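Accompanying notes for the structure given below.
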Amino acid sequence: MKFAWFIARRYLTKGRKNSFISIISLVSILGIAIGVAALIIALSLINGFQNDIRDRIVSSSAHVMVTDRFGEGFADFRRLNRELEGEYPQVKAVMPVVYGTVLVKGAAREVAGAVFRGLDLGRTDKEPWLDSLEFGRLPAGDRELLLGREMAMKLNLFAGDSCLVVSPQAALSPLGIMPRFKKFRISGIFRSGLFEFDNGTVIAGLEAAQKLFSLGERVSYLQVNLHDIFDAEKVAAAMRQRLGPRYSVITWKELNQSLYSALKLEKTVLFFTLTLIIVVASLNIIAGLILMVMQKVKDIGILLSYGTSSAQIRHIFFLQGAVIGVLGTVLGLLLGLGFCQLANRTELIKVPAEIYQVSFVPFRIGLLDLAAVVVVSLLISFVATLIPSRRAAAVSVVDAVKYE
């Protein structure tokens, strides 16, 4: 192996007659480097977008949601709350939630549809963005609420203003059946970082929501938050078996299944598409090594006449291709990782928040993705050396030196 490595290194670095072949080798290294860097950058971009969207969605919704299949809500939610927190060590907190759709009307004529969520705002384990409001404070009493930042801007409302909340639930009046409405004071403005949520959500205390929707002591569902969100499916399966058919248990992945399926498919397609760049670059390895074999026929013949085996000849040209593949992969790794670090510091890719839910896309490098890129690049490079190395090993001593 030392002999094969010595000859392969000499062919790659020395000799005035193989300048054209050296250029092809350089192009091959650059081609593989560009392909590897493009794969790392693209996968990091997809990971950053997917993880950022996931974190924002999960921060404003349940990891696991337990609901009543009959739509009547939970009358005994406190007992069920204690059971879920006590029986499952993966559960971090269980919060009762009242949920319903309403219309919100500001002082002017602007009206917007919204989701009205009633939460136990006195708990210390509530959503973290509720502890750092944009303006104002948390609601106190059943006549105050929080508005999302985007909705407040759309309705031209600020902390301290009043608004009218109209529930589609019917109420009997002297004029007949009419929608239920109630006047609230805006105690604060929140911003979760998720545009759709901030643009269509109203948050109030649990009692205020129960009164608005005439639920009495019932709640709409239980919001279960876990220490590790990736335990959701295992915990949900255990809860379904424990609670029985009356209750529906839904994970955060199931709530956003279409979005995550689309992102996963996009990532897979992108990986295979950009891998073609490395395949094309590997063709340069084949071309360069074949040209080198044609130029070095006499050298190969001399080596064979001195007792060098065909396997050693094959190793020489295999090592040449392997070096090109390794150098290209390492250079591509450095380029890709460096670009991702620079892009994160400068927030390079800014996107409209109203469309993509985030203001800029971070680059997040996954170790498994990085390993997959390296393995695929090296595998393609090594396979590309098989044809030239076999051709070199098949050279006949007689044909190589008969004209000498």
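The values are calculated or read from the model by the stated rules, or taken from the named source; none is laboratory data. Note that the structure is a prediction, hence the values are computed from the model and not measured. Cβ atoms come from the backbone with ideal geometry, glycine included; neighbour counts cover every protein chain shown.
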Single condition Y88 does not satisfy, out of (1) farther than 27 Å from A237 by Cβ; (2) surrounded by fewer than 20 Cβ atoms within 10 Å (Cβ to Cβ); (3) assigned by TED's automatic domain parsing to the domain that holds D231:
(1)
Quick test for you: out of A38, A114, pick the one residue that is modelled with pLDDT of 85 or more, buried (at least 19 other Cβ atoms within 10 Å of the Cβ), small (G, A, S) and over 30 Å from A343 (Cβ atoms).
A114
Would you check if there is a residue in the stretch 206-228 being at pLDDT below 85, assigned to a helix (DSSP H, G or I) and hydrophobic (A, V, I, L, M, F, W, C)?
no
Among the residues of the stretch 204-221, write down those that are free of Cβ contacts under 8 Å to residues at least 60 places away in the same chain and aromatic (F, W, Y).
none
From the list A114, A38, A93, exactly one residue is outside the structural domain of Q223 (by TED's automatic domain parsing), under 30 Å from the mean Cα position of the chain (by Cα) and outside any loop (DSSP other than H, G, I, E, B). Which is it?
A38
Across the stretch 117-142, what is the total count of residues that are more than 28 Å from L226 (Cβ to Cβ) and surrounded by 16 or more Cβ atoms within 10 Å (Cβ to Cβ)?
3
Matching residues, the stretch 229-250, being β-branched (V, I, T) and either under 18 Å from E127 (Cα atoms) or in a loop (DSSP other than H, G, I, E, B) (or both)
I229
For F272, the lone unmet condition from (1) in contact (Cβ under 8 Å) with a residue 40 or more places away in the chain; (2) outside the structural domain of V91 (by TED's automatic domain parsing); (3) not β-branched (V, I, T) is (1)
Taking the stretch 69-90 and the residues there that are part of a helix (DSSP H, G or I) and charged (D, E, K, R), the one that is farthest from L155 (Cα to Cα) would be E87
Note down all Cβ pairs under 6 Å where the first residue falls in the stretch 157-181 and is in a loop (DSSP other than H, G, I, E, B) and among the acidic types (D, E), the second is modelled with pLDDT of 65 or more and surrounded by 13 or more Cβ atoms within 10 Å (Cβ to Cβ), and they're at least six residues apart or on different chains.
D161/I186
Tally time: how many residues in the stretch 183-198 are in contact with an Asp or Glu (Cβ under 7 Å, 6 or more places away or on another chain) and in contact (Cβ under 8 Å) with a residue 60 or more places away in the chain?
4
Are any residues in the stretch 119-154 within 16 Å of F184 (Cβ to Cβ), within 30 Å of the chain's Cα centre (by Cα) and not aliphatic (A, V, I, L, M), and if so, which ones?
G148
Of residues in the stretch 230-281 being crowded, with 17+ Cβ neighbours inside 10 Å and among the small types (G, A, S), the one farthest from A62 (Cα to Cα)
A281
